[in-house]
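The structure under discussion appears below in the form of structure tokens.
The values are calculated or read from the model by the stated rules, or taken from the named source; none is laboratory data. The shown structure was predicted, so the numbers you read here are calculated from the model rather than taken from an experiment. Neighbour counts are summed over all protein chains in view; Cβ atoms, including those assigned to glycine, are modelled from backbone coordinates with ideal geometry.
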Amino acid sequence: MSEHDFSRRTFIKTVGAASVAAAALSFPFIKASASDMRFQGKTLRLLTWSDDTGLAALRNIAATFEAKTGAKVIADRTGSTSEMVAKLKAGGDRPQYDIITLAGVGAEGLASAGLLERPDLNRIPNLRDVPAQYQTGADGHGIGYLLWCNSLIYSTRTVKEAPNSYAALWDKDMAPNIFLPPPNWTEAMDLIIIAAKLAGGDEHNVEPGFKKLEELKDRVITLGENPNQIAELFRTGSLDMGGLYAPAFFPKQIRDPSYGLGATFGMKEGFYTDLMLSVMPKHRPGDTDLAYAFIDHSLDPLVQGKMAEDIFNGPVNAKAIISAEARKSPYILTPEQISEKAIMHDNAFLASVHDQWIRRYTEIFSS
Amino acid sequence: MAHSTLTRQVGVAPLRPAKTFSPTARAWLFLSPAMLFLGVLIAASLLVLRMSVGTKGAEWSGFSLASYAQLLEPYYLKSLLLTLRLALVSALIAVLLAIPVGYCMSRLQSPLLRRVFLAAVLLPLLVNLLLQSYGWLVILGPGGMLNQALIGLGLIDRPVMLLYNQTGVLMGLVQTAFPLAVLPIASAMRGVSRSYEEAAATLGASRLQVFRQVVLPMSLPGIITGATLVFAYNASSFVVPLLLGGRRVPMLAVMVHDQIAPLMNWPAASAAGVVLIVTTLAIMTFSEFVTGRRRRILEASQ
């Protein structure tokens, strides 16, 4: 009996040691900072997205932060940025969260409502490796976290070569059936600007863009509100191309050949990005040092690289570590590609025209 | 030493029976959970009403009717009319389809068959709307079963677009709200005594005449209730136009969503919501008026 007990204990110990070793090997950055245990036993409350990006944040950021610091991250995965904004507004002076990761437009709404604390940039060492334009957003209330990068999505079955210009959307021989982003998405605003530029205008002269978009009306199958539905339409051969749309919506489907789904950032005009931000609500319940440590950890070069490889988000850290294998992928963005081709939204300008552009876009594509 | 006794002493007040509530108090007590729930809903509606006269960024403190004025613009009027039209047409189609089903259910003798029928009718209420929309995608999508069959039979060359337009949304609205039409109609038809049908048949009416001239008029309150329920349900429909309309069918609930995300314009969204509620309530009140009148006529004739 005792011999049996001893064996079982030995077995459990061996398996435990092997698990820890395997985890440490998978996450070398945990090992590197494993001595930083001053947050042992503390709790950080995180509000993030419910989609694959949110899940990836739990895997690559929250889990590794817990392992590194001994702190506990309690994550609430709420649907979308607007739902997160509503949740924080509902909390009023008593927010339930220490950190919220959300899109720039949401952070701006919260900042203008006076609900956010302006972070001290000196307390985030990794920020020194982040280019100035990605360091902060929402009038200094948000810290750049990742880039939501929009591509052209295409069917690898019907489009033999990845398109190298947005003009491909207007090529009905190349792509008879297309999808576009829904009107309420920022991607639609970017598409309007792209159409305007292709037609000789720009963001301050978008009328030619609306006229150019009208040319697409009969070929538009859907304005893709639901990424899973879009993937399904590609799988069934109903779509040839579409965009602007982030490959981050399709991390599983792009890797599954049965969907015949491709994405490219190789457009000569560049690709549009939206800076996603980490924000700290005023009167948050947890430890301030812990909140800063978490934000700093999310900007760690290895963490940034992992997020880019896992979910196809663009890293904001210019020293993000992307593996040699991942660098071969057309969907995984490197800091060099971002520095060369990424175009940032002018959120303040878009906010001033959003309402009118949504209406025009909706009217053009209404059935 | 104090004595305890089991018998009541003379001069001591009689033991009072357990406290009982009056029937009215009991009724209020019984209703209180439901009233509390309704109270929360009404409070939420009132908050929406307050927000609708607020201003962007000052939803609770500001006051402006600009959000309502904005709804008079053609963009929103078109959306409101489209919403009412689709809700009305879907209510008519759902009722037309529900009448034979309701009649069948009301006349089924076998309890087992009745339960099977009921389960089949209720199925759309039990299955998630998102899943139902995927079902439509599999059947009616450009690469769906129907298009594949039609192409296979050589009847069409290119897929017919049945989804991502008003037709697709209409089908979705009818399907998802179908049980709301069937249940009141079946209930009303079950209430029509067989003796009326037998009397009409005895007087020489054919089965069709009995149905048209006896069953249908006597079930009219149920039919109107069914139509009203479907109309109200579909007027505020959000998921169906979003998924089956491919964002190309701008029903008002979708526009409300747009105002909240990404425009964060809560007053405009609330004002659109209030207009939708008021319009739907007005139509439901009219329907209730017609139903009540019909009911009174029927009661008088009996």
Review point. Name the pairs whose Cβ atoms lie under 6 Å apart, with the first residue in region A:226-237 and among the hydroxyl-bearing types (Ser, Thr, Tyr), the second not in a helix (DSSP H, G or I), and 6 or more positions between them or separate chains?
Key: A:THR236/B:GLY143
Study note, to complete from the structure: Of the candidates A:LEU302, A:LEU350, the one satisfying the condition of being hydrophobic (A, V, I, L, M, F, W, C), assigned to a helix (DSSP H, G or I), in contact with a Ser or Thr (Cβ under 8 Å, 6 or more places away or on another chain) and touching a residue at least 40 places away in the same chain (Cβ under 8 Å) is A:LEU350
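Listed here are the residues, each with its yes/no results for (1) aliphatic (A, V, I, L, M); (2) modelled with pLDDT of 90 or more; (3) under 24 Å from B:PRO250 (Cα atoms); (4) in contact with a Leu (Cβ under 6 Å, 6 or more places away or on another chain).
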{"residue": "B:GLN109", "(1), (2), (3), (4)": "no, no, no, no"}
{"residue": "B:GLN148", "(1), (2), (3), (4)": "no, no, no, no"}
{"residue": "B:VAL174", "(1), (2), (3), (4)": "yes, yes, yes, no"}
{"residue": "B:PRO179", "(1), (2), (3), (4)": "no, yes, no, yes"}
Exercise for review: Only one of these is touching a Lys or Arg at 6+ places or on another chain (Cβ under 7 Å), of a type outside the set (A, V, I, L, M) and in contact (Cβ under 8 Å) with a residue 24 or more places away in the chain: A:GLY262, A:GLY286, A:GLY266. Name it.
Suggested key: A:GLY286
Review point. Taking B:SER237, is it small (Gly, Ala, Ser) and away from chain A (no Cβ under 14 Å)?
Key: yes
Point to revise | Extreme residue, farthest from B:ASP258 (Cα to Cα), among residues of region A:70-88 that are touching a residue at least 60 places away in the same chain (Cβ under 8 Å) and either β-branched (Val, Ile, Thr) or in a helix (DSSP H, G or I) (or both) | key: A:VAL73
Check your understanding: Hey, among the residues in region B:137-195 that are more than 13 Å from chain A (Cβ to nearest Cβ) and outside any helix (DSSP H, G or I), which one's surrounded by the most Cβ atoms within 10 Å (Cβ to Cβ)?
Key -> B:VAL192
Point to revise | Matching option when the condition is on the phi > 0 side of the Ramachandran plot, assigned to a loop (DSSP other than H, G, I, E, B), away from every other protein chain (no Cβ under 13 Å) and not polar (S, T, N, Q), among A:GLY114, A:GLY140 | key: A:GLY140
Exercise for review: Kindly indicate which of B:ARG114, B:ARG158 is basic (Lys, Arg) and at pLDDT 85 or above.
Suggested key: B:ARG114
Review point. Under 19 Å from the mean Cα position of the chain (by Cα) and of a type in the set (Lys, Arg) - does that describe any residue in region A:327-337?
Key: yes
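This table checks each residue for (1) in a loop (DSSP other than H, G, I, E, B); (2) modelled with pLDDT under 95; (3) more than 14 Å from chain B (Cβ to nearest Cβ); (4) buried (at least 19 other Cβ atoms within 10 Å of the Cβ).
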{"site": "A:MET189", "(1), (2), (3), (4)": "no, yes, no, yes"}
{"site": "A:ALA195", "(1), (2), (3), (4)": "no, no, yes, yes"}
{"site": "A:ILE230", "(1), (2), (3), (4)": "no, yes, no, yes"}
{"site": "A:LEU233", "(1), (2), (3), (4)": "no, yes, no, yes"}
{"site": "A:LEU244", "(1), (2), (3), (4)": "no, yes, yes, yes"}
{"site": "A:ILE254", "(1), (2), (3), (4)": "no, yes, yes, yes"}
Point to revise | Criterion: over 19 Å from A:ASP287 (Cβ atoms), in contact with a Phe, Trp or Tyr (Cβ under 7 Å, 6 or more places away or on another chain) and in the same structural domain as A:PHE312 (by TED's automatic domain parsing) - qualifying residue of A:ARG45, A:ARG59, A:ARG77 | key: A:ARG77
Check your understanding: Is it fair to say A:GLU325 is of a type in the set (Asp, Glu), outside any loop (DSSP other than H, G, I, E, B), buried (at least 20 other Cβ atoms within 10 Å of the Cβ) and not assigned by TED's automatic domain parsing to the domain that holds A:ALA248?
Key -> no
Check your understanding: Can you name the residue in region B:214-234 that is part of a helix (DSSP H, G or I) and of a type outside the set (A, V, I, L, M, F, W, C) and is also farthest from the other protein chains (Cβ to nearest Cβ) among such residues?
Key -> B:PRO217
Review point. Right, A:ILE338: assigned to a helix (DSSP H, G or I), of a type outside the set (Phe, Trp, Tyr), surrounded by 17 or more Cβ atoms within 10 Å (Cβ to Cβ) and in contact with a Ser or Thr (Cβ under 6 Å, 6 or more places away or on another chain) or not?
Key: no
Study note, to complete from the structure: Restricting attention to region B:51-65, the residues that are within 17 Å of B:ILE260 (Cβ to Cβ) and either within 23 Å of the chain's Cα centre (by Cα) or free of Cβ contacts under 8 Å to residues at least 60 places away in the same chain (or both) number exactly 3
**Study point:** Matching residues in region B:234-283 - criterion: being touching a residue at least 60 places away in the same chain (Cβ under 8 Å) and among the aromatic types (Phe, Trp, Tyr)
**Key:** B:TRP266
Practice item. For residues that are surrounded by 20 or more Cβ atoms within 10 Å (Cβ to Cβ), away from every other protein chain (no Cβ under 11 Å) and either assigned to a loop (DSSP other than H, G, I, E, B) or not hydrophobic (A, V, I, L, M, F, W, C) (or both), tally how many sit in region B:252-287. Key: 4
Revision key, fill the gap. Flagged in region B:199-222 as in contact with a helix residue (DSSP H, G or I) (Cβ under 9 Å, 6 or more places away or on another chain) and either exposed (fewer than 13 other Cβ atoms within 10 Å of the Cβ) or of a type in the set (S, T, N, Q) (or both), in numbering order, are B:ARG207, B:GLN209, B:GLN213, B:SER219
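For (1) without any contact (Cβ under 8 Å) to a residue 40 or more places away in the chain; (2) closer than 19 Å to A:PRO285 by Cβ, each residue gets a yes or a no:
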site: A:THR53; (1), (2): no, no
site: A:ALA90; (1), (2): yes, yes
site: A:THR101; (1), (2): no, yes
site: A:ASN126; (1), (2): no, no
site: A:GLY144; (1), (2): no, no
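Matching residues to (1) more than 18 Å from B:ILE277 (Cβ to Cβ); (2) modelled with pLDDT under 90; (3) surrounded by 11 or more Cβ atoms within 10 Å (Cβ to Cβ):
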{"site": "B:LEU38", "(1), (2), (3)": "no, no, yes"}
{"site": "B:LEU41", "(1), (2), (3)": "no, no, no"}
{"site": "B:LEU46", "(1), (2), (3)": "no, no, no"}
{"site": "B:ARG50", "(1), (2), (3)": "no, no, yes"}
{"site": "B:THR55", "(1), (2), (3)": "yes, yes, yes"}
{"site": "B:GLY62", "(1), (2), (3)": "yes, yes, yes"}
{"site": "B:ALA69", "(1), (2), (3)": "yes, no, no"}
{"site": "B:TYR75", "(1), (2), (3)": "yes, yes, yes"}
